[in-house]
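*Asks:* Mind having a look at this structure? Questions to follow.
The values are calculated or read from the model by the stated rules, or taken from the named source; none is laboratory data. Please read all numbers here as calculations on a predicted model, not as lab measurements. Note that each Cβ is placed from the backbone with ideal geometry, even for glycine, and that neighbours are counted across all protein chains shown.
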Amino acid sequence: MGKKNQEGITIKKEENFTEWFIQLMQKAELAEYSKVSGFIIYRPAAYTLWEKIKEEIDKEFKKIGIQNCYFPVLIPESLFQKEKDFVKGFSPEVAWVTEAGNTKLPERLAFRPTSEAIMYDSYSKWIRSWRDLPLLLNQWNNVIRWDTNNPVPFFRGREFLWNETHTCFETEKKALEHGKKVMQAYSKVTKNLMAVPAIYGKKTDKEKFAGAIFSEKNHTYLQNGKVLENTCFHHDGQKFAKAYDVKFKNKEGKEQFVWQNTHAISTRELGGMLALHSDNKGIVLPPQIAPNKIVIIPVRFEQEKKVLKKAKEISKALNKFNPILDKRLEVTPGYKFNEWELKGIPLRIELGPRDLEKQEVIIAKRNTGEKVAIKIKDLKKEIPKLLEKMQTELYETAKKSLENAKTKTENKKELIKLIQKQKIVMVPMCKNPTCEDHLKAETSGGKTLFIDPENNPVKNKKCIICNKQADYWVYCGKTY
C-alpha cells in the first residue's frame, strides 16, 4: 500500500487540475522537465503516441496531395522582417542566435517560431507558372516560442512539436476548398483515433494568427473549465505572397500573386487527449491510439505453470492487439493492476486457477472499471467489441462534458459568474479589440474563443462590454 501511495497520483483531478496533470505526466512516464526552463522532455510512452498521430495524419494528407519536406530551424532576420503584421505578432516570442563559437554573426538568426519566412523565400524561386500550382508542402518539426513562464507539459512550453502545412494556389476559391479538406483530415484523426470532440469556429481579428486574413480553429473543453486551441486553419490570402514575392504567370500569361493557407496540429492536442480522458488512477488511452491494447496478468497462487502456460497461449492468440504479458514474480497482482491503470492500458485480462477451471478470464475496462467474464474461446470475437465500446464511451463522455459547458448570456455580471463556474459562454460582442481587453480584465483572464458558427449574424443585440451594436455572437472562456 505504501508503494502505491508513493508511485500513484496523490492529487485529485477535480481539486487541482494542473498539479494532477503534471503528476500524471511524470508518474506515467510520459514527460519530464528539462534543465532549461520551459523545455519539456517527451519520453518514449508519449512520443509513441505522437508518432501514431503523425502516421495517421500523414495518411490523410497524402489523400489530398500534401507532401512532406524539411526546412532549416534558423531563419535570417532579413527574411523574418518582410511581413510587418507577422513580425509584430511574433517578435516577443522569438529566440535569436547571435554568435557561433567565438564569432559574432553578421546577421541575427531566429529560431523558427513558425516557418513562413524561410519557406516562402524558397517558394518565390520555385513557383513560376500556373503549372507549378498547387504547391502543397508540409513539415513535421519543432518550434521555439519564448512566451511562457509557467510551463506545463504539452500545454505550455517554449518548444513544442507540430506539423505546419504551407500551401499555394491559383485562386482564393481553390485555397479555401483545400483548406476545408485539411481540417476534415485533422478532425477525422482527432475524433476516430483520439476520441476528442471539439467546436470549430473563426477567431476574432484580435485573436487570429499574425499575418492571416482569418484564422479558424478547433477548440476542446477540459474539465477544469479551460479550452485548448487545437488544429487550425489560417487563410493568408496574398499577404505573404506579396511580402515574399511569390507569384506566377496564369494561363493568359499575366503575372499574379498566389493564394496561401497554413495549418497545424501540435503536441498540445496530445496533451488535451491525455487530460480529457484520464482520471485519478492515471492515464486513460483511447484504444485506437493505445500501442498496447491489452495487459495480461496471471494470478499465480497455485497451479503456477498451468496458469502461465495458458496466459502465454492467450497472449499469442491476441497478438494483433500487441498485448503485454506481465510475468513478474517480485510484485503482487494488486501492484500490477495499479501500475497498468496508471499507464492507461485499455483492457486488463486477469487469469487465475479458478478462471482456468472455468476456461474463462476476467476483463477490466480501464475507463469505467467494469469487469466482465469471457470464455477464453470467445476472446478473439469479444475483445474488438469491448475496445470499440470503450472508444465510443470516451468520445461520448467528453462530448457530453463539452455540451454541458456551453451556455449563453447577454448580461456582463452573469458572464463573469459563468466563467468563474468553468463555463464557455456565448455572448454578443462588437469588433472593437478594446472590448476584448476589457473582457479579459473583468473576467480575470477570460477571452474570446471563437465566433459562433451557427447563430450569426447577430440581430438587434448590444455588445456585452460597451453596449454598442454587436457584430457577432462569440464564445468566451479561459484557455491554456
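*Asks:* Considering only residues of the range 452-480 that are in contact (Cβ under 8 Å) with a residue 60 or more places away in the chain and in a loop (DSSP other than H, G, I, E, B), which is surrounded by the most Cβ atoms within 10 Å (Cβ to Cβ)?
*Replies:* So the residue we want is Asp452.
*Asks:* How many residues does the range 234-259 hold that are farther than 14 Å from Ala210 by Cβ and touching a residue at least 24 places away in the same chain (Cβ under 8 Å)?
*Replies:* Looking only at that region, the number is 12.
*Asks:* Also, I was wondering about something else. So for the range 187-199 (the condition being closer than 30 Å to Leu285 by Cβ, in contact with a His (Cβ under 9 Å, 6 or more places away or on another chain), modelled with pLDDT under 95 and assigned to a strand (DSSP E or B)), does at least one residue qualify?
*Replies:* Yes: the range 187-199 contains one or more residues that are closer than 30 Å to Leu285 by Cβ, in contact with a His (Cβ under 9 Å, 6 or more places away or on another chain), modelled with pLDDT under 95 and assigned to a strand (DSSP E or B).
*Asks:* Moving on. For the structure I just gave you, tell me whether Phe154 is assigned by TED's automatic domain parsing to the domain that holds Glu93 and either in a strand (DSSP E or B) or more than 26 Å from Gln81 (Cα to Cα) (or both).
*Replies:* yes
Condition check ((1) in the same structural domain as Leu308 (by TED's automatic domain parsing); (2) farther than 29 Å from Pro44 by Cα) across all residues:
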| residue | (1), (2) |
| --- | --- |
| Ile345 | yes, no |
| Pro353 | yes, yes |
| Glu357 | yes, yes |
| Thr368 | yes, no |
| Ile376 | yes, yes |
| Lys381 | yes, yes |
| Glu393 | no, no |
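*Asks:* Let me spell it out: the conditions are (1) at negative phi; (2) free of Cβ contacts under 8 Å to residues at least 60 places away in the same chain, and Ile424 meets all of them except one. Which number is the exception?
*Replies:* Among (1) at negative phi; (2) free of Cβ contacts under 8 Å to residues at least 60 places away in the same chain, the lone unmet condition for Ile424 is (2).
*Asks:* To continue, here is another question. Could you list all residues from the range 328-346 that are in a loop (DSSP other than H, G, I, E, B) and exposed (fewer than 14 other Cβ atoms within 10 Å of the Cβ)?
*Replies:* Correct list: Arg328, Leu329, Glu330, Val331, Thr332.
*Asks:* Restricting to the range 33-77, give me the number of residues that are surrounded by fewer than 15 Cβ atoms within 10 Å (Cβ to Cβ), without any contact (Cβ under 8 Å) to a residue 24 or more places away in the chain and in a helix (DSSP H, G or I).
*Replies:* 5
*Asks:* Just checking, does the range 128-141 include any residue being closer than 30 Å to Gly225 by Cβ, at pLDDT 95 or above and in the same structural domain as Phe233 (by TED's automatic domain parsing)?
*Replies:* No, the conditions are met nowhere in the range 128-141.
*Asks:* Still on this structure, I have one more. Would you mind telling me which numbered condition in (1) part of a loop (DSSP other than H, G, I, E, B); (2) closer than 30 Å to Gln23 by Cβ Thr220 fails?
*Replies:* Against the list (1) part of a loop (DSSP other than H, G, I, E, B); (2) closer than 30 Å to Gln23 by Cβ, Thr220 comes up short only on (1).
*Asks:* Then there is this: Within the range 229-245, restricting attention to residues that are at pLDDT 95 or above and within 18 Å of the chain's Cα centre (by Cα), which residue is farthest from Ile53 (Cα to Cα)?
*Replies:* This residue is His234.
*Asks:* Here's another thing I want to ask about it. Tell me, yes or no, whether the range 254-262 has at least one residue that is surrounded by fewer than 23 Cβ atoms within 10 Å (Cβ to Cβ), out of contact with any Gly (no Cβ under 9 Å at 6 or more places or on another chain), in a strand (DSSP E or B) and modelled with pLDDT under 95.
*Replies:* No: zero hits.
*Asks:* How about the range 264-276: which of its residues are over 8 Å from the mean Cα position of the chain (by Cα) and either more than 13 Å from Tyr186 (Cα to Cα) or crowded, with 24+ Cβ neighbours inside 10 Å (or both)?
*Replies:* If the condition is that a residue be over 8 Å from the mean Cα position of the chain (by Cα) and either more than 13 Å from Tyr186 (Cα to Cα) or crowded, with 24+ Cβ neighbours inside 10 Å (or both), then Leu274, Ala275, Leu276 are the ones that fit.
*Asks:* Can you name the residue in the range 69-87 that is more than 20 Å from Ala100 (Cα to Cα) and in contact with a Phe, Trp or Tyr (Cβ under 7 Å, 6 or more places away or on another chain) and, of all such residues, is modelled with the highest pLDDT?
*Replies:* Checking each candidate, the answer is Lys82.
*Asks:* Right, next: Conditions: (1) closer than 28 Å to Lys306 by Cα; (2) part of a strand (DSSP E or B). Lys320 meets all but one. Number of the miss?
*Replies:* (2)
*Asks:* Residue pairs, Cβ under 8 Å, 6 or more apart or interchain, first in the range 90-115 and in contact (Cβ under 8 Å) with a residue 24 or more places away in the chain and farther than 13 Å from Ile75 by Cα, second assigned to a loop (DSSP other than H, G, I, E, B) and aromatic (Phe, Trp, Tyr). List them.
*Replies:* So the pair list comes out as Pro92/Trp146; Glu93/Trp146.
*Asks:* Checking the conditions here, which among Phe154, Phe169 is at positive phi and buried (at least 20 other Cβ atoms within 10 Å of the Cβ)?
*Replies:* Going through Phe154, Phe169 in turn, the sole match is Phe154.
*Asks:* Enumerate the pairs (first residue in the range 167-189 and closer than 21 Å to Ile53 by Cα and without any contact (Cβ under 8 Å) to a residue 60 or more places away in the chain; second residue anywhere and crowded, with 17+ Cβ neighbours inside 10 Å and among the aliphatic types (A, V, I, L, M)) with beta-carbon separation below 9 Å, excluding pairs fewer than 6 apart on the same chain, so at least 6 apart or on different chains.
*Replies:* Close Cβ pairs satisfying both conditions: Ser187/Ala198.
*Asks:* Considering (1) surrounded by 14 or more Cβ atoms within 10 Å (Cβ to Cβ); (2) part of a strand (DSSP E or B), say which one Val372 fails and leave the rest.
*Replies:* So the condition that Val372 fails would be (1).
*Asks:* Checking the condition in contact (Cβ under 8 Å) with a residue 24 or more places away in the chain and part of a strand (DSSP E or B), which residue from Ile314, Ile289, Ile297 passes?
*Replies:* Ile297
*Asks:* Report whether or not Ser215 is under 19 Å from Glu116 (Cα atoms), of a type in the set (S, T, N, Q) and under 18 Å from the mean Cα position of the chain (by Cα).
*Replies:* Yes.
*Asks:* Being surrounded by 14 or more Cβ atoms within 10 Å (Cβ to Cβ) and either under 30 Å from Val425 (Cα atoms) or among the charged types (D, E, K, R) (or both) is true for just one of Asp378, Asp355. Which residue is that?
*Replies:* Only one candidate qualifies: Asp355.
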